[in-house]
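Inspection log for the structure reproduced underneath, given as structure tokens.
The values are calculated or read from the model by the stated rules, or taken from the named source; none is laboratory data. Worth saying up front: this structure is predicted, and the values here are computed from it rather than measured. Every residue, glycine among them, receives a Cβ derived from its backbone with ideal geometry; neighbour counts consider all protein chains shown. Remember, those area values only see protein heavy atoms, side chains included, never the ligands or the DNA or RNA. Shrake-Rupley method; radii C 1.70, N 1.55, O 1.52, S 1.80 Å.
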2 protein chains.
Amino acid sequence: MANTQITAEPGQSQIIITREFDAPRDLVFRAHTDPDLLVQWLGPRDLKMTIDVFDVRDGGRWRYVSTDAEGNEYGFHGVFHGTPTPDYTVQTFEFEGVPGHVALESLTLEERDGKTFVRTVSTFQSVEDRDGMVASGMEHGVRDSDARLEELLARLQNG
Amino acid sequence: MANTQITAEPGQSQIIITREFDAPRDLVFRAHTDPDLLVQWLGPRDLKMTIDVFDVRDGGRWRYVSTDAEGNEYGFHGVFHGTPTPDYTVQTFEFEGVPGHVALESLTLEERDGKTFVRTVSTFQSVEDRDGMVASGMEHGVRDSDARLEELLARLQNG
């Protein structure tokens, strides 16, 4: 199984996440942009995710809510900049628990010998915002999400 | 006349611009969001600016084009994240001359004794992107824009 690499250089305001998936690029892109697929893998396993809106186009809004076992809700929203493509998708990102702290996220998918190399760059408005995201336990969510995405991609290819 | 402060710390990916204007906050906000006013001050004096679209709402797109004396066109576009307010407006920003290099911009307006303190933070996806924007002669455009905005605000209050 491929390893997820999470890079957060000290004193910088970015988080870079990379991972290779054993699936063609178009399928990986679909898993990122089709709400019916996204809801099956995004977020840690112990949270339930519901999608409020996911309008994949230039200026389209997205919003989803994660709910824990106690019923606490965590909302996230943003907007797509430019038309999302497998080459390059850019969106804004805001956790509603700390409103006004907006980040910019880019997603690039690169096909390599039938596998897909996924690179996500999250750029925060300050090092403090970035450090806050790292401290929030984001890594657990990313690793769970990537494992779930790998499982979903296997099901979609073998189903 | 107030001075525009432009801060670009070495090794960081941001540009922070601050300036005080002798005008109430609502008027300064209107100058930033009403296309008929924006076109009168944004950009250096030696370029002609035309607004293609400027849809001030959550997910609304904006695009403008600056044209120099030789007819060369420089396009810029982005999208608003969240509903723009005088307190806080967030948008993405892309210069079409270097596509794929998207920045995140925030605008905060603070009223102080009838004057308005304006703070713009531009966050780039890399230090190289930020340095490229600084090297592009951005400072000349910012200083011209702020002087033109000051003149416009005076006209609007005295007219």
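How much area per residue is accessible in the protein assembly as shown when the probe is 1.4 Å and only protein heavy atoms are counted (Å²)?
On the way: 15450 Å² over 318 residues.
Computed with neighbouring chains in place, this is 49 Å² per residue.
In whole Hz, with x marking every Gly and Pro, tabulate ³J(HN,Hα) for the stretch B:139-151 from phi via Karplus 6.51 cos²θ - 1.76 cosθ + 1.60, θ = phi - 60°.
Ordered by residue, 3J(HN,Hα) equals 4, 4, x, 5, 5, 4, 4, 5, 5, 5, 5, 4, 5 Hz.
Got the residue A:65 label distances to the other copies yet, label 7 Å along Cα→Cβ, in nm, shortest first?
Going from nearest to farthest copy, the values are 4.4 nm.
Contact order normalised by length for the stretch B:5-158, with contacts defined as Cα pairs under 8 Å and 6 or more residues apart; what percent is it? List each step's numbers first, then the result.
Working: 311 pairs, mean separation 44.0, N = 154.
Reported as a whole number, the value is 29 percent.
May I ask for the net charge around residue B:124, where only other residues with Cβ less than 9 Å from the Cβ of residue B:124 are counted and Lys, Arg are +1 while Asp, Glu are -1?
Here the charged neighbours net out to -2.
Over the Cα atoms of the protein assembly as shown, how large are the radius of gyration and the largest Cα-Cα distance (Dmax), in Å?
21.1, 72
By a straight-distance test (C-alpha under 19 Å), which aspartates and glutamates pair with residue B:48 as possible cross-link partners, with residues fewer than eight away in the same chain excluded?
Filter leaves B:34, B:36, B:68, B:70, B:73, B:94, B:96, B:139, B:144, B:146, B:150, B:151.
For the protein assembly as shown, with all protein chains present and a 1.4 Å probe, just round the carbon and sulfur fraction of the accessible area to a whole percent.
Numbers: 7450 of 15450 Å².
On the protein assembly as shown, the fraction of accessible area on carbon and sulfur atoms equals 48 percent.
Once the label point is set 7 Å along the Cα-to-beta-carbon vector, what list of distances in nm do you get between residue B:131 and its counterparts in the other copies?
2.5
Tally Lys and Arg at +1 and Asp and Glu at -1 over the other residues with C-beta under 13 Å from the C-beta of residue B:138: what net charge comes out?
Numbers: positive: B:130, B:143; negative: B:105, B:129, B:131, B:139, B:144, B:146.
Net of charged neighbours comes to -4.
To the nearest 100 Å², how much accessible surface do chains B and A hide from each other in total, with a 1.4 Å probe? Spell out each step's value before the answer.
Working: alone 8660 and 8670 Å², together 15450 Å².
Rounded to the nearest hundred, the buried surface is 1900 Å².
Measuring nothing but label to label, 7 Å from Cα along Cα→Cβ, what are residue B:83's distances to the other copies in nm, shortest first?
3.1
Over the Cα atoms of the stretch B:5-158, what Rg and Dmax result, in angstrom?
Expressed in Å, the Cα Rg and Dmax of the stretch B:5-158 come to 14.9, 44.
If you take every residue apart from residue A:58 with its C-beta less than 12 Å away from the C-beta of residue A:58, what net charge results, scoring Lys and Arg +1 and Asp and Glu -1? Don't skip to the end; give the middle numbers.
Details: positive: A:57, A:61, B:61, B:63; negative: A:55, B:55, B:94.
Residues near residue A:58 contribute +1 overall.
Taking each residue in B:73-82, count the Cβ atoms of any other chain within 10 Å of its Cβ, then average. What number comes out?
Values: counts 0, 0, 0, 0, 3, 4, 12, 3, 12, 9.
Counting Cβ atoms of other protein chains within 10 Å of each residue's Cβ and averaging gives 4.
Let me know the charge dipole size of the protein assembly as shown about its Cα centre in debye, to the nearest 20, where only the beta-carbon of Lys, Arg (+1) and Asp, Glu (-1) is charged. The partial results should precede the final answer.
Values: 30 positive and 56 negative charges, 50 e Å.
Using only the charged Cβ atoms, the result is roughly 240 debye.
In the stretch A:103-150, which residues give up 50 Å² or more of accessible area once the other protein chains are added, compared with their chain alone (1.4 Å probe)?
For the stretch A:103-150, once contacts with the other chains are taken into account, A:104, A:125 lose 50 Å² or more.
Starting with the highest mean, order A:45-53, B:19-27 by the number of other Cβ atoms within 10 Å, averaged over the residues of each peptide. Present the calculation step by step, with values, prior to reporting the outcome.
Details: A:45-53: 13.7, B:19-27: 17.6.
Going by the mean number of other Cβ atoms within 10 Å, highest first, we get B:19-27, A:45-53.
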